[in-house]
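Engineer: Could you have a look at this structure, given as structure tokens, before my questions?
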Amino acid sequence: MIKFNKHIIGLLLLPIFIGMFFYVLGLFSPETIGFPTIKSIYIDFIKSFIDSSILKAILTTSKYVLISTVVSIITGVILSFLLNLNKYIWSAFEPFIDFLRSIPVTFFIPAFAVILGVSSPNIIWILAVIPSTLIIIVNVSYGLTQQNLNRLHQYSLLSGNKNHLNLFYKVTIFEIIPFFIAGFKIALSYAIVIVTVLEYMSMGDQIGLGTLVSEEMEQLNYKRVYSIIMIVGLIGFLLNKLIDKVTEKYVK
């Protein structure tokens, strides 16, 4: 019951905190910009959900985020296990992975733009896959290197089964799940940020939320800009809550 009340309090305070955030931004905003009032932003935010262009943009952005996240999970998990088949393999590749993680994804745009084209329908989610996959690789690899070997030995002795595949399903997978979930949530947030930024840069052939932010800024429609920003934040918030609910139900 206490846990339920804490969630309710957080949800009730969320719009207040968002309003305070916009209020502080307005204090530092030049008068020439004409920063919108908190009330006008919230009204536009509510109205945006009956705007067909906004709804289409939400679907487009959500599609890119979903594709990039799914591909990142599959690729990241597979590469993590391959790289950790032997500790020397991981030691050899770990510096290169850390090197790639330090490079902003926007720096990869010239190379992929030449290969795929700036207006390619796939360039956004492909670029979003890069950092998200690296995050999954690092988190899952850390879980594999930190797993309790005594549990593997204990299970092997008690069950009398030393098959590596069986040990993986019965022990290892449960050891790495917390690390995977942590990496998954971070990768998801990265995917949302990267997809919307690339859309803002007018990449791809469809109009997403990032594209709309760019267009509304050009028209000086700041209340719509901030309402779209709130929508992006809401998408991330809801997706993270969904992950938490699924984790609570199926991961014990």
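A short reminder: the numbers here are calculations on the coordinates, not readings from a lab. Keep in mind the model is a prediction, meaning the values are calculated, not measured. We place every Cβ from the backbone using ideal geometry, glycine too, and count neighbours over all the protein chains shown.
Engineer: Of the peptides 181-191, 214-224, 14-24, how do they stack up when ordered by the mean number of other Cβ atoms within 10 Å, highest first?
Structural biologist: Ranking the peptides 181-191, 214-224, 14-24 by packing returns 181-191, 214-224, 14-24.
Engineer: One-quarter of the Cα convex hull surface for the stretch 33-148, in nm²?
Structural biologist: Averaged projected hull area, Cα only: 11.5 nm².
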